[in-house]
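Inspection log for the structure reproduced underneath, given as structure tokens.
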Amino acid sequence: MTKEINIIIRIMPTADDIEVSLPLDATPKDVIDALLDAGLGIPKLDDQGNPISYKLVPKEKGQEIPQDNTLMDAEVQESDVVLMLPMVWAG
Amino acid sequence: MAIQIQTHAKDWEENYKRLSWWDSESVRKAKVMVVGAGALGNEVLKNLALLNIGHLCIIDFDRIEYSNLSRSVLFREKDCEQNLYKSKVAAERIKEINPMVNIHTIEGDFQFDVGHGLISAMDVIICCVDNRLARLHINRKSFFNKKAWVNGAIENLIGQMEVYKDAHQCYECNLSETEWQSINARIGCADIAQKNIIAGRVPTTPLSASIIAAFQCQEALKIIHGLESNVMYDSNLYIEGMSNTFLQLQASAQKENCYSHYAPETVHPLSVSSKDKLEKFFQVLKSDWNIDRPILKLNHNLCLSLVNKDTDELHQVLAPDFGLNDPRYVSEQIIQIETKLVKDMVHEITPESELLEYRLESIGIPAWDILKIITEDEIRYFELAEDNIYS
Ligand SMILES: [Zn+2]
């Protein structure tokens, strides 16, 4: 079984913290999809009905976890705070 | 005692000249393209005019609506009553702020109506659009012309700013699956009017617009001054005003096999305009460049006939595939056809073609474009140099 780590996901823009246990082989997409489906009230769609694109950024590193990386590849550590940032596109 | 009266010559940059790094000549010669004249574009243009940037090029196909007024410092109520173009009005108001700025406007779509030559003449492109598809094309065209572009995006109190340039970071390389979904949804919309229906409902404020626009102009100013090592190529700005979040995120590495990464080594000037006929285009290729059997490769499909799917009636047309609802290319009768099925189309033209009587612009080639020519043994690129607005 894949090893799990406990981290804090900070959902932006509300800055709500959620403590989660995640497998180290999870990709950003796995994590984001699971959080969106967990009934936490995180918006999936914008006001136009388009899916919102989120990126995961470990707060200390300040670098987006690449889409094809796992949490282990990105060296996410126990108790890390990972920001879940909605990407915006209006002008 | 005689009183000596000294008069002071007007000098717009008098204050800026006290900045150690300020270079008046570079600023006055600078050419900056601003794509999108909405909330962000208004703030960017206002800043660029105040900074005395010599040449501005404003691209926007949209007209002013009442809902724009609360976030657009350059627009007035009378402008929406008169149904005026954003780019034209913005240009007029900028001239009121600073009459020394030279302004060119295009009331059209960046993807189809902006020639590569115009982009290659710019020092930097500033992106203020409201959709990801336009950003994708700004990325591709900027990379093709080896130019940096500065992206801005806002929603609510969130603002983002990134600077893209080949060998630093690429917008296309960084698109997520979700972002591709929204791009493909927009590609699926048949025309600009339809695209607009799904756009512009996002809540934005002049606050994030002015914050992000200021950062965009700051980066553009560094690029204009050649201060490359100071440009934020390798980190991206993300701010969220309600939670007081200010992040400088590390840019992601470029990937291989990305459509955006191609740029031609050399582009040759051709004494031809988009208003010239194809016949002249091929003649000049032969007389000036000794090219005998060229093939002109179009970036789009050129439709020659289409069928009204409701009536099975066949119609002859000559229009780019993106212009089948555009009065510049087709008649009102064609526009009225709800379901069009393209029957015949071409995407390359030779000197033997039956289309030589037509002007380049009538087959969807924008002014000052760079065209791809395939000869017997190589691919070459030619710029429609007669359209150069800065020569
Ligand atoms: Zn790329």
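Numbers below:
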item: Amide H partners (placed H, <5 Å) of B:Phe61, local residues excluded; result: B:Gly108
item: 3J(HN,Hα) from dihedral phi, the stretch A:77-91, Karplus parametrisation 6.51/-1.76/1.60, rounded to Hz, x for glycine, proline; result: 10, 3, 6, 4, 9, 10, 7, 10, 9, x, 8, 9, 9, 6, x
item: Peptide A:54-63, shielding by other chains (average Cβ, 10 Å cutoff); result: 3
item: Shielding by partners - mean other protein chain Cβ count within 10 Å, residues of A:4-17; result: 2
item: Accessible area of B:Phe144 in the full protein assembly, 1.4 Å probe (Å², nearest 10); result: 30
item: Total charge dipole magnitude, the stretch B:105-246, about the Cα centre, Cβ charges on Lys, Arg, Asp, Glu only, Debye to nearest 20; result: 140
item: All aspartates and glutamates inside 17 Å of B:Lys343 as judged from Cα atoms, apart from same-chain residues fewer than 8 positions distant; result: B:Asp310, B:Asp312, B:Glu313, B:Asp321
item: Protection-proxy order for peptides A:52-61, B:52-61, B:31-40, B:13-22, each taking the mean of Cβ atoms within 10 Å per residue, highest first; result: B:31-40, B:52-61, A:52-61, B:13-22
item: Solvent exposure of the stretch A:4-86 as accessible area per residue, Å², 1.4 Å probe; result: 49
item: Heavy-atom SASA rank of B:Arg140, B:Arg359, B:Arg63 (probe 1.4 Å, accessible area, largest first); result: B:Arg359, B:Arg63, B:Arg140
item: Entries of B:Lys31/B:Lys255; B:Lys29/B:Lys222; B:Lys88/B:Lys165; B:Lys86/B:Lys340; B:Lys46/B:Lys86 with Cα pairs more than 19 Å apart; result: B:Lys31/B:Lys255; B:Lys88/B:Lys165; B:Lys86/B:Lys340
item: Highest average packing first - B:176-185, B:324-333, Cβ atoms within 10 Å; result: B:176-185, B:324-333
item: Residues of type aspartates and glutamates that A:Lys59 reaches as a straight line, Cα spacing below 18 Å, ignoring anything fewer than 8 places off in the same chain; result: A:Asp16, A:Asp17, A:Glu19, A:Asp73, A:Glu75, A:Glu78, A:Asp80, B:Asp234, B:Glu240
item: Summed buried accessible area for A+B [probe radius 1.4 Å, Å², rounded to 100]; result: 2600
item: With all protein chains modelled, accessible area of A:Asp25 [1.4 Å, Å²]; result: 80
item: Accessible surface of the stretch A:4-86, 1.4 Å probe, proportion on carbon and sulfur as whole %; result: 48
item: Calculated on alpha-carbon atoms, Rg and Dmax of the protein assembly as shown in Å; result: 24.9, 98
item: Phi to ³J(HN,Hα) by Karplus 6.51 cos²θ - 1.76 cosθ + 1.60 over the stretch B:313-324, Hz, x for Gly, Pro; result: 6, 9, 10, 7, 9, 9, 7, x, 4, 7, x, 6
item: The stretch A:4-86 - Debye-derived log10 I(q)/I(0), Cα point model, q = 0.15, 0.16, 0.22, 0.24 Å⁻¹; result: -0.48, -0.55, -1.05, -1.26
item: Area of B:Lys146 that stays accessible when all protein chains are in place (1.4 Å probe, Å², to 10); result: 110
item: Test item: B:238-249 mean partner chain Cβ contacts at 10 Å; result: 4
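The values are calculated or read from the model by the stated rules, or taken from the named source; none is laboratory data. These numbers come from a predicted model, not from an experiment. All Cβ positions, glycine included, derive from the backbone under ideal geometry; neighbour counts span all protein chains shown. Ligands, DNA and RNA are excluded from the accessible area calculation, which covers all protein heavy atoms including side chains. Shrake-Rupley method; radii C 1.70, N 1.55, O 1.52, S 1.80 Å.
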